[in-house]
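The values are calculated or read from the model by the stated rules, or taken from the named source; none is laboratory data. Keep in mind the model is a prediction, meaning the values are calculated, not measured. In this analysis, Cβ positions are derived from the backbone assuming ideal geometry, glycine residues included, and neighbour counts consider all displayed protein chains. Protein only, heavy atoms only, side chains kept; ligands, DNA and RNA dropped before computing areas. Shrake-Rupley method; radii C 1.70, N 1.55, O 1.52, S 1.80 Å.
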Amino acid sequence: MTQQTLSIIKPDATQRNLQGAILKMIQDAGLKITAMKMIHLSKKQAEGFYAVHSDKPFFDSLTDFMCSGPVVVSVLEGQDAISKYREVMGATNPANADEGTIRKAFALDIEKNSVHGSDAPETAATEIAYFFNQLEIVRS
Ligand code: CMP
């Protein structure tokens with residue numbers, strides 16, 4: 001099934017100039033980039049994006065981190081794109097991430113874990129709409 005998913009290259013990765021290396025891993029996995037932009041989130045925008053985690057003890061630290069520098073947000077498309085991108089990213093905690101994954105290669109810790117990817121079709125739709133309107137997504 002062809003799906004879309006939202007990717008974020010997080011501030012820990014943009015700060016180390018890893019955008020190109022991470023996008024190459026995404027493209028090498030066969031995922032197509034159909035929208036992309038670099039933005040610097042405000043605290044409010046980061047809180048809105050991660051609202052589902054607002055009751056978690058790490059929420060304040062996570063949203064501070066997410067607005068500490070620029071992020072690259074993109075829409076990825078492909079066969080089973082949601083699970084495929086989650087495989088390419090690796091486990092949330094880089095200590096548990098498999099060899100060959102983005103987080104194994106680049107993540108610093110469970111919070112500064114370099115990338116975000118949607119976890120289900122409903123969240124993908126909500127997360128894509130948080131950053132992009134339909135005119136900004138190319139038809140593949
Ligand atoms: P992400 O896939 O973007 O989804 C939620 C984010 O919260 C996660 O990646 C991490 O950046 C962060 N996160 C998840 N669990 C923890 C934790 N236990 N401590 C700190 N940050 C966390």
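Some notes on this structure:
- Segment 109-122 - residue that is more than 10 Å from the ligand (Cβ to nearest atom) and touching a residue at least 12 places away in the same chain (Cβ under 8 Å) and, of those, least open to solvent (accessible area, probe 1.4 Å): Ala120
- The number of residues in segment 13-25 that are closer than 21 Å to Gly69 by Cα and either in contact with a helix residue (DSSP H, G or I) (Cβ under 9 Å, 6 or more places away or on another chain) or not in a helix (DSSP H, G or I) (or both) comes to 7.
- Inter-residue pairs, beta-carbon under 7 Å, first within 20 Å of Phe131 (Cβ to Cβ) and in segment 48-59, second open to solvent by 50 Å² or more (accessible area, probe 1.4 Å) and more than 8 Å from the ligand (Cβ to nearest atom), 6+ apart: Phe49/Tyr130
- Filtering Leu18, Leu62 for residues that are open to solvent by less than 50 Å² (accessible area, probe 1.4 Å) and near the ligand (Cβ under 10 Å from one of its atoms) leaves a single hit, Leu62.
- Tallying residues that are more than 13 Å from the chain's Cα centre (by Cα) and open to solvent by less than 40 Å² (accessible area, probe 1.4 Å) within segment 50-59 yields 1.
- Every residue from segment 1-15 that is within 20 Å of Arg86 (Cβ to Cβ) and either touching a Pro at 6+ places or on another chain (Cβ under 6 Å) or surrounded by fewer than 17 Cβ atoms within 10 Å (Cβ to Cβ) (or both): Met1, Thr2
- Residue that is nearest to Thr5 (Cα to Cα) [pool: residues in segment 123-138 that are within 15 Å of the ligand (Cβ to nearest atom) and not β-branched (Val, Ile, Thr)]: Ala124
- When residues of segment 65-106 are limited to those that are assigned to a loop (DSSP other than H, G, I, E, B) and near the ligand (Cβ under 9 Å from one of its atoms), the one most open to solvent (accessible area, probe 1.4 Å): Thr92
- The set of residues in segment 26-44 that are closer than 19 Å to Cys67 by Cβ, part of a loop (DSSP other than H, G, I, E, B) and either open to solvent by 30 Å² or more (accessible area, probe 1.4 Å) or modelled with pLDDT under 95 (or both) comprises His40, Ser42.
- Neighbours by Cβ (under 7 Å, 6+ apart or cross-chain): first from segment 20-40, touching a residue at least 40 places away in the same chain (Cβ under 8 Å); second among the basic types (Lys, Arg) and open to solvent by 40 Å² or more (accessible area, probe 1.4 Å): Ala29/Lys84; Leu31/Lys84
- Residue check, Glu47 among the acidic types (Asp, Glu), surrounded by 15 or more Cβ atoms within 10 Å (Cβ to Cβ) and touching a strand residue (DSSP E or B) at 6+ places or on another chain (Cβ under 8 Å): no
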